[in-house]
Amino acid sequence: MKNIVVLTGAGISAESGLKTFRDADGLWEGHDVMEVATPQAFDSNPELVLEFYNQRRRQLLTVEPNEAHKALVKLEVHYQVHIVTQNVDDLHERAGSSKVLHLHGELLKARSVRNELDIVTRKEDILVGDLCKNGYQLRPHIVWFGESVPMLDFAIEITQKADILIIIGTSLQVYPAASLIHFISEDTPIYFIDPKPSIQENGKEHLKVIPKTAVEGVPTLVDSLID
Ligand code: APR
């Protein structure tokens, strides 16, 4: 079976009702969303940072996977499929994808501030004073700006084995996630679905840019790959 690697970003969940980071005004209650996603913000104002994620977690529990998430599941009948997502939602899993690697963590998990391996499932709000079993404050299991990306080496290993790379709904502005596309071999076909794609075809035959939304573009691409 051929290997397909699918790199997804916030755009694939937009039509489920979850906002992307850079499309709208990029603000949350007057704060730059990038500024509430740092360890410094958590140290100086933990209530604010926890509330940012509490609101997002509550919202996640009210939305559903869309036709793009669901279409990707169909690829698994014909290919080895690895989803490498920058998203912290669980919509790929709920749609039924079996191998999902979360580069930036998972909103429905919490971890100890002292130990990034001490992770628990968490569907409720996290508040200041909520402690892990070893007595340390809990924080969202999210990789913040300035923190290392623990799953990166595994993601690189997976990407290197890709026979086909599909990129969906990402501005490719955040590193090291965006650098993953450099780990495929030279003529590996790339399909990039995004209504405002940040890379152009440039005459390279192996790169196909599909300027559509995820729900418009992914089911058609999947059908063409399994035909
Ligand atoms: N379908 C597909 N793509 C869409 C849609 C849609 N319906 N709507 C918007 N997009 C595209 C935008 O054109 C943009 O290219 O989704 C992309 C969203 O980009 P970002 O908001 O930058 O999201 P992402 O690339 O996932 O951000 C990467 O940044 O803030 C951090 O850690 C966070 O994982 C996140 C990372």
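Can you say whether residue 86 is under 20 Å from residue 154 (Cβ atoms) and more than 15 Å from the chain's Cα centre (by Cα), as far as the supplied structure shows? Answer is no for this residue. The requirement of being assigned by TED's automatic domain parsing to the domain that holds residue 212, without any contact (Cβ under 8 Å) to a residue 60 or more places away in the chain and not hydrophobic (A, V, I, L, M, F, W, C) is satisfied by residue 76. Of the residues in region 53-61, none is touching a helix residue (DSSP H, G or I) at 6+ places or on another chain (Cβ under 7 Å), surrounded by 15 or more Cβ atoms within 10 Å (Cβ to Cβ), of a type outside the set (Val, Ile, Thr) and in contact (Cβ under 8 Å) with a residue 24 or more places away in the chain.
Residues in region 145-179 that are of a type in the set (Asp, Glu) and either surrounded by 18 or more Cβ atoms within 10 Å (Cβ to Cβ) or in contact (Cβ under 8 Å) with a residue 40 or more places away in the chain (or both): 147, 163.
Of all the residues in region 176-227, those that are within 15 Å of the ligand (Cβ to nearest atom), among the polar types (S, T, N, Q) and in a loop (DSSP other than H, G, I, E, B) number 3. Taken over region 140-170, the criterion of being aromatic (Phe, Trp, Tyr) and in a loop (DSSP other than H, G, I, E, B) is satisfied by 144, 145. Quick one: is residue 100 out of contact with any Pro (no Cβ under 7 Å at 6 or more places or on another chain) and assigned by TED's automatic domain parsing to the domain that holds residue 162? The answer is yes for residue 100. The residue pairs whose first member lies in region 116-144 and is closer than 21 Å to residue 35 by Cβ, whose second member is among the hydroxyl-bearing types (Ser, Thr, Tyr) and not in a strand (DSSP E or B), and whose beta carbons are closer than 6 Å, counting only pairs six or more residues apart or on different chains, are 140/53; 144/38.
The numbered conditions (1) at pLDDT 95 or above; (2) over 15 Å from the mean Cα position of the chain (by Cα); (3) within 15 Å of the ligand (Cβ to nearest atom); (4) of a type outside the set (A, V, I, L, M) are all true for residue 35 except (1). For region 183-207, name all the residues that are free of Cβ contacts under 8 Å to residues at least 40 places away in the same chain, closer than 27 Å to residue 154 by Cβ and of a type outside the set (Val, Ile, Thr). If the condition is that a residue be free of Cβ contacts under 8 Å to residues at least 40 places away in the same chain, closer than 27 Å to residue 154 by Cβ and of a type outside the set (Val, Ile, Thr), then 183, 185, 186, 187, 189, 191, 192, 197, 198, 206, 207 are the ones that fit. Filtering region 8-39 to residues that are part of a loop (DSSP other than H, G, I, E, B), touching a residue at least 12 places away in the same chain (Cβ under 8 Å) and touching a strand residue (DSSP E or B) at 6+ places or on another chain (Cβ under 8 Å) leaves 9, 37.
All but one of (1) more than 23 Å from residue 168 (Cα to Cα); (2) within 16 Å of the ligand (Cβ to nearest atom) hold for residue 70; state the number of the condition that does not hold. Against the list (1) more than 23 Å from residue 168 (Cα to Cα); (2) within 16 Å of the ligand (Cβ to nearest atom), residue 70 comes up short only on (1). When residue 50 is tested against (1) within 16 Å of the ligand (Cβ to nearest atom); (2) at pLDDT 95 or above, just one condition goes unmet, and that condition is (1).
The values are calculated or read from the model by the stated rules, or taken from the named source; none is laboratory data. Since we're looking at a predicted model, the values are computed, not measured. Heads up, the Cβs are rebuilt from the backbone with ideal geometry, glycines too, and the neighbour counts pull from every protein chain shown.
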